[in-house]
């Protein structure tokens, strides 16, 4: 399979590991890692095994996958066990953000245009993974996840490093008034006729700043999944593709 995309900021953090998968034409289903989109489960699980083997974690890893529902539901993962990895039936139900302090647990997010956000508290040793489509972003799931880290684990937002992974960019994310009106800050969209070009990564960056993170601790990938549909799955560019790539983070 193709190499991982990684964050320069998170790479400097010795206490955590992370990776974002990419497409690979030589792999089954181009390397899709989604069990919920109707692709053959045995092929997806094989891809997942290959990814796990290439992470180089050097320890027993427990992969946790959520049943993403475009909500603002946040789950604390308290046990060291895999969920949703071998079968979708035991995925974390109705959840779009996960937080854990358990070493060896790998939190995962599946996307094909939505915004994946990875967080690491460098002092408390907490990680979080967030799936932020426009509905989750409207509900401030990213800011709420930071607040959950503060309330549950005593995190200081100034200690949190964030990576906004590849997602559809302002250049390609055209929405109507029905979506745009939820985002009052005109800095995050450009009107084009009766449509709007919405910048979901920027909205999530602003939510992180509003939650108290330092600007220098937030990294934006600036990789548009639609522009780079040869590298990432893009639901819009590929007109309803069933493939998904995975953003993941865990504690060493």
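The values are calculated or read from the model by the stated rules, or taken from the named source; none is laboratory data. Bear in mind that the values here come from a model prediction, so they are computed numbers and not experimental data. A quick note on method: Cβ atoms are made from the backbone with ideal geometry, for glycine too, and the neighbour counts reach across all protein chains shown.
I'd like to know if region 207-226 contains one or more residues that are without any contact (Cβ under 8 Å) to a residue 40 or more places away in the chain, farther than 30 Å from residue 56 by Cβ and either buried (at least 19 other Cβ atoms within 10 Å of the Cβ) or in contact with a strand residue (DSSP E or B) (Cβ under 9 Å, 6 or more places away or on another chain) (or both).
Yes, region 207-226 contains at least one residue that is without any contact (Cβ under 8 Å) to a residue 40 or more places away in the chain, farther than 30 Å from residue 56 by Cβ and either buried (at least 19 other Cβ atoms within 10 Å of the Cβ) or in contact with a strand residue (DSSP E or B) (Cβ under 9 Å, 6 or more places away or on another chain) (or both).
Applying the selection to region 21-38, what residues are touching a helix residue (DSSP H, G or I) at 6+ places or on another chain (Cβ under 8 Å), surrounded by fewer than 19 Cβ atoms within 10 Å (Cβ to Cβ) and not in a helix (DSSP H, G or I)?
Filtering region 21-38 down to residues touching a helix residue (DSSP H, G or I) at 6+ places or on another chain (Cβ under 8 Å) leaves 21-24, 27-29, 31-36.
Next, from what is left, pick out any that are surrounded by fewer than 19 Cβ atoms within 10 Å (Cβ to Cβ): 24, 27-28, 36.
Selection gives 24, 27, 36.
Name the pairs: first residue in region 175-187 and free of Cβ contacts under 8 Å to residues at least 40 places away in the same chain, second residue surrounded by fewer than 15 Cβ atoms within 10 Å (Cβ to Cβ) and assigned to a loop (DSSP other than H, G, I, E, B), Cβ to Cβ under 8 Å, at least 6 apart or on different chains?
176/194; 177/194
Given region 169-252, what strands (runs of 3 or more DSSP E) lie entirely inside it while holding 2 or more residues that are in contact with a helix residue (DSSP H, G or I) (Cβ under 7 Å, 6 or more places away or on another chain)? Show your work before the answer.
On the way: elements: 189-192, 195-198, 218-220, 245-251.
Correct list: 195-198, 218-220.
Among residues belonging to region 1-16 that are over 16 Å from residue 221 (Cα atoms) and at pLDDT 95 or above, point out the one that is farthest from the chain's Cα centre (by Cα).
13
Out of curiosity, is residue 8 closer than 22 Å to residue 228 by Cα, surrounded by fewer than 16 Cβ atoms within 10 Å (Cβ to Cβ) and in contact (Cβ under 8 Å) with a residue 60 or more places away in the chain?
In short, yes.
Within region 150-158, is there a residue that is in contact (Cβ under 8 Å) with a residue 60 or more places away in the chain and within 15 Å of the chain's Cα centre (by Cα)?
For region 150-158, residues in contact (Cβ under 8 Å) with a residue 60 or more places away in the chain and within 15 Å of the chain's Cα centre (by Cα): absent.
Please list, ordered by residue number, the strands (runs of 3 or more DSSP E) wholly in region 55-159 having 3 or more residues that are buried (at least 24 other Cβ atoms within 10 Å of the Cβ). Explain how you work it out, then say what you get.
Values: elements: 62-64, 74-77, 97-100, 105-111, 115-121, 126-132.
Answer list for region 55-159: 97-100, 105-111, 115-121, 126-132.
Would you pick out the residues in region 38-70 that are farther than 16 Å from residue 4 by Cβ, touching a strand residue (DSSP E or B) at 6+ places or on another chain (Cβ under 9 Å) and in contact (Cβ under 8 Å) with a residue 60 or more places away in the chain?
Selection gives 59, 66, 68, 70.
Can you say whether residue 44 is more than 26 Å from residue 143 (Cα to Cα) and at pLDDT below 95, as far as the supplied structure shows?
Against the criterion (more than 26 Å from residue 143 (Cα to Cα) and at pLDDT below 95), residue 44 does not qualify.
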